[in-house]
Amino acid sequence: MSGFVDAINAIDGWLWGLPLIIVLLGTHVFCTVRTGFIQKYTFRGIKLSVTPDPDGEGEVSQFGALTTALAATIGTGNIIGVATALAAGGPGAVLWMWFTGVFGIATKYMETAMSVKYREQTEDGRMLGGAMIALERGLHAKWLGVIFALLGAIAAFGIGCMTQANSISTALVQNFNVPTWIGGLIIAVFTAIVIIGGVKSITRVCEKLVPFMAAFYIIGCLIVLIMDGHYVGTGIALICKSAFTVQSGVAGFSGSAVAMAIRYGCARGLFSNESGMGSAPIVAASAKTRNPVRQSLVSMTGTFWDTVVICALTGITLVSTVCAHPDELAEVVTNNTVLTFEVFGYIPVIGKAIITLALALFAFSTILGWSYYGERCAEYLCGPKIIMPYKCAFVIFSFVGAVAELSTVWAVADILNGLMVVPNVIGIWLLSNKLMADVHTYVNDIDKVDPTPVPKVNFNSKAD
């Protein structure tokens with residue numbers, strides 16, 4: 001058994017090393033160039049995200065689709081993942097993580113455009129979209145769509161359910177001595193209440209939960225930064241300098257090479273914002289939008305909020321606090337979980353409670369978002385009859401994840417997520433010409449209605 005675990009961990013480490021860094025960063029640069037730096041429309045996308053589109057065809061609002069995608073994207077990676085990058089790559093990793101967010105905005109645009117352009121409608125009026133449908137309809141490569149959907153349906157139980165539930169229960173045990181089975185039961189009950197109601201129930205919760213949890217966490221970071229205000233500039237300078245030059249041990253950090261900063265900063269950034277993975281576009285396909293470009297501009301802001309804002313803020317908070325208290329934090333700099341809690345512990349009385357609640361909210365929101373992703377992938381494979389059994393299984397696994405040891409599950413989930421990138425990126429590259437035709441048509445006429453009817457999905461033909 002130990003040999004199997006070692007093999008899984010080795011594969012995980014290799015996959016999320018140079019192979020995916022090359023594939024994803026290469027795609028980010030390609031999409032940035034191909035779209036003529038679509039990032040310049042980021043603030044237009046933010047404005048559109050809070051502008052209702054009553055004439056659009058779909059199930060949920062653009063803001064609802066965005067917050068549901070953010071619910072799945074803004075997770076423990078924004079808190080623990082940043083600390084992991086710091087521990088392995090030094091302060092410079094924060095800047096490289098930020099770069100992946102800036103360039104990843106273009107990939108998030110393209111994969112969303114692909115999903116919305118090729119979405120289908122079920123007989124009961126629900127929208128079904130994602131890389132699996134785009135690969136089938138756009139490239140006529142159903143086999144690739146099946147691979148993507150299979151990976152997504154299984155991966156949702158790991159990275160989107162069990163591991164997140166485990167993070168919540170662990171935090172509850174460590175900080176409030178709540179038994180794991182009680183934590184697991186609470187998680188399972190709340191998960192069931194939300195996801196049984198379908199995408200409209202999920203988006204209603206996420207529309208309220210995501211802005212609150214993001215603001216709550218950002219305020220906590222700002223309090224820490226204000227307390228050590230004299231070291232914020234020092235921290236930012238160290239991040240920028242360490243990203244491009246070899247640093248000896250300084251301010252509580254051990255020495256780190258530029259290559260390590262690039263590798264771990266990019267890897268954790270790519271994992272955090274999920275640009276290129278094809279997950280967020282699944283819910284974007286349900287949005288009420290009058291043309292694919294409009295929703296794609298909205299969805300690409302998810303990467304901006306996740307990495308360019310929240311991950312960067314986390315990194316600056318951690319580095320600045322270590323600079324302010326180098327001797328006190330020197331021993332925990334390489335311990336990602338402990339470092340984050342120790343940094344927030346400098347807020348008197350309520351500091352660790354703030355980070356515990358933030359971690360719990362981030363993880364729970366991820367469970368909600370990924371439940372929808374997995375459900376849609378499963379529906380693509382098996383039809384509507386699988387929806388309720390899948391939801392029930394998801395609730396059960398949320399309890400199991402809270403009480404079980406998941407070291408191997410983390411690694412397997414990482415691998416499945418990484419493999420989802422391959423068919424999704426193939427679709428982006430090969431369909432880029434068609435996606436760019438829509439950019440030219442709608443980007444300067446964003447209120448124009450796409451006259452192309454959304455086709456009805458035929459599950460009987462998919463089963464053939």
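For Val403, the requirement of being open to solvent by 50 Å² or more (accessible area, probe 1.4 Å) and modelled with pLDDT under 85 is not met.
Taking the condition of being part of a helix (DSSP H, G or I), in contact (Cβ under 8 Å) with a residue 40 or more places away in the chain and out of contact with any helix residue (DSSP H, G or I) (no Cβ under 6 Å at 6 or more places or on another chain), how many residues in segment 317-336 meet it? The qualifying residues number 2. Being crowded, with 22+ Cβ neighbours inside 10 Å, farther than 13 Å from Ser286 by Cα and in contact with a Phe, Trp or Tyr (Cβ under 6 Å, 6 or more places away or on another chain) is a description that does not apply to Phe148. Tell me yes or no: at least one residue of segment 362-382 is part of a helix (DSSP H, G or I), farther than 30 Å from Glu123 by Cα and open to solvent by 10 Å² or more (accessible area, probe 1.4 Å). Yes, some residue in segment 362-382 is part of a helix (DSSP H, G or I), farther than 30 Å from Glu123 by Cα and open to solvent by 10 Å² or more (accessible area, probe 1.4 Å).
The residue pairs whose first member lies in segment 129-158 and is more than 11 Å from Gly374 (Cβ to Cβ) and hydroxyl-bearing (Ser, Thr, Tyr), whose second member is part of a helix (DSSP H, G or I) and open to solvent by 40 Å² or more (accessible area, probe 1.4 Å), and whose beta carbons are closer than 7 Å, counting only pairs six or more residues apart or on different chains, do not exist in this structure. Would you call Ile316 at pLDDT 95 or above and open to solvent by 20 Å² or more (accessible area, probe 1.4 Å)? Yes; evaluated as a whole, the condition is true for this residue.
Of everything in segment 55-82, what is over 21 Å from the mean Cα position of the chain (by Cα) and closer than 21 Å to Gly198 by Cα? Give them in sequence order. Of everything in segment 55-82, those that are over 21 Å from the mean Cα position of the chain (by Cα) and closer than 21 Å to Gly198 by Cα turn out to be Gly56, Glu57, Gly58, Glu59.
Let me confirm something: among Leu419, Leu435, which residue is in contact with a Leu (Cβ under 9 Å, 6 or more places away or on another chain), crowded, with 17+ Cβ neighbours inside 10 Å, assigned to a helix (DSSP H, G or I) and among the aliphatic types (A, V, I, L, M)? On inspection, the qualifying residue turns out to be Leu419.
With respect to Leu185, is the statement that it is closer than 25 Å to Phe362 by Cα, open to solvent by 50 Å² or more (accessible area, probe 1.4 Å) and modelled with pLDDT of 95 or more true? Against the criterion (closer than 25 Å to Phe362 by Cα, open to solvent by 50 Å² or more (accessible area, probe 1.4 Å) and modelled with pLDDT of 95 or more), Leu185 qualifies. Within segment 36-53, one or more residues are modelled with pLDDT under 80 and among the acidic types (Asp, Glu).
This table checks each residue for (1) more than 12 Å from Phe103 (Cβ to Cβ); (2) of a type in the set (Ser, Thr, Tyr); (3) more than 19 Å from the chain's Cα centre (by Cα).
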| residue | (1), (2), (3) |
| --- | --- |
| Val5 | yes, no, yes |
| Asn9 | yes, no, yes |
| Asp12 | yes, no, no |
| Leu18 | yes, no, yes |
| Val23 | yes, no, no |
| Thr32 | no, yes, yes |
| Thr35 | no, yes, yes |
| Ile38 | no, no, yes |
| Tyr41 | yes, yes, yes |
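When Thr51, Thr32 are screened for being more than 26 Å from Thr452 (Cβ to Cβ) and of a type in the set (Ser, Thr, Tyr), only Thr32 passes. Which ones in segment 65-105 are under 28 Å from Gly129 (Cβ atoms), crowded, with 24+ Cβ neighbours inside 10 Å and small (Gly, Ala, Ser)? Those that are under 28 Å from Gly129 (Cβ atoms), crowded, with 24+ Cβ neighbours inside 10 Å and small (Gly, Ala, Ser): Ala65, Ala69, Ala71, Ala72, Gly75, Gly77, Gly101, Gly104. Quick one: is Thr180 of a type in the set (S, T, N, Q), open to solvent by 50 Å² or more (accessible area, probe 1.4 Å) and in contact (Cβ under 8 Å) with a residue 24 or more places away in the chain? Here the answer is yes, as Thr180 does meet what is asked. Under the condition of being in contact with a Phe, Trp or Tyr (Cβ under 6 Å, 6 or more places away or on another chain) and either outside any helix (DSSP H, G or I) or without any contact (Cβ under 8 Å) to a residue 24 or more places away in the chain (or both), the residues counted in segment 75-90 number 2.
Going by what's in this entry, would Val23 be described as modelled with pLDDT of 90 or more, farther than 22 Å from Val283 by Cβ and either touching a helix residue (DSSP H, G or I) at 6+ places or on another chain (Cβ under 9 Å) or surrounded by fewer than 20 Cβ atoms within 10 Å (Cβ to Cβ) (or both)? The answer is yes for Val23. Scanning segment 201-229 for residues that are in contact (Cβ under 8 Å) with a residue 60 or more places away in the chain, open to solvent by 50 Å² or more (accessible area, probe 1.4 Å) and among the charged types (D, E, K, R) returns Arg204, Glu207.
The values are calculated or read from the model by the stated rules, or taken from the named source; none is laboratory data. None of the values given here were measured: they were computed from a predicted structure. All Cβ positions, glycine included, derive from the backbone under ideal geometry; neighbour counts span all protein chains shown. Remember, those area values only see protein heavy atoms, side chains included, never the ligands or the DNA or RNA. Shrake-Rupley method; radii C 1.70, N 1.55, O 1.52, S 1.80 Å.
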